[in-house]
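The values are calculated or read from the model by the stated rules, or taken from the named source; none is laboratory data. All values reported here derive from a predicted model rather than from experimental measurement. Cβ coordinates were reconstructed from backbone atoms using ideal geometry, including for glycine residues, and neighbour counts include every protein chain displayed.
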């Protein structure tokens, strides 16, 4: 399970399906082993917050930066239409059936 949130915890997001991800190991964050920078299709990103909590900032590069309207944290970047680049924490896998 891959999850992320803003600094004030008003916005939470997670990836619904880890089978369609592109991980950038060269972009992994050295400060925390459980954080990764991933790229995923918009349809696989679930955002949990009030609709007014997320703002879009359009950059001259063509990217769209999605930020928390409350604390200003960068949530994810739409690098091309319907493709998000986001920093997530790896929360682990569920135990397989029969595993003790």
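Would you check which residues across region 46-73 are within 10 Å of the chain's Cα centre (by Cα) and at pLDDT 95 or above and list them?
Within region 46-73, the subset within 10 Å of the chain's Cα centre (by Cα) is 46-47.
Listed by number, the list is empty, since nothing qualifies.
Tally up the residues in region 4-15 that are exposed (fewer than 14 other Cβ atoms within 10 Å of the Cβ) and within 15 Å of residue 42 (Cα to Cα), please.
Here the count works out to 0.
Restricting region 46-88 to residues that are touching a residue at least 60 places away in the same chain (Cβ under 8 Å) and touching a helix residue (DSSP H, G or I) at 6+ places or on another chain (Cβ under 7 Å), which is nearest to residue 12 (Cα to Cα)?
This residue is 68.
Considering only region 1-45, state which residues are at pLDDT 65 or above, over 10 Å from residue 88 (Cβ atoms) and either in contact with a helix residue (DSSP H, G or I) (Cβ under 8 Å, 6 or more places away or on another chain) or in a loop (DSSP other than H, G, I, E, B) (or both).
Answer for region 1-45, where residues must be at pLDDT 65 or above, over 10 Å from residue 88 (Cβ atoms) and either in contact with a helix residue (DSSP H, G or I) (Cβ under 8 Å, 6 or more places away or on another chain) or in a loop (DSSP other than H, G, I, E, B) (or both): 6, 7, 8, 9, 10, 11, 16, 17, 41, 44.
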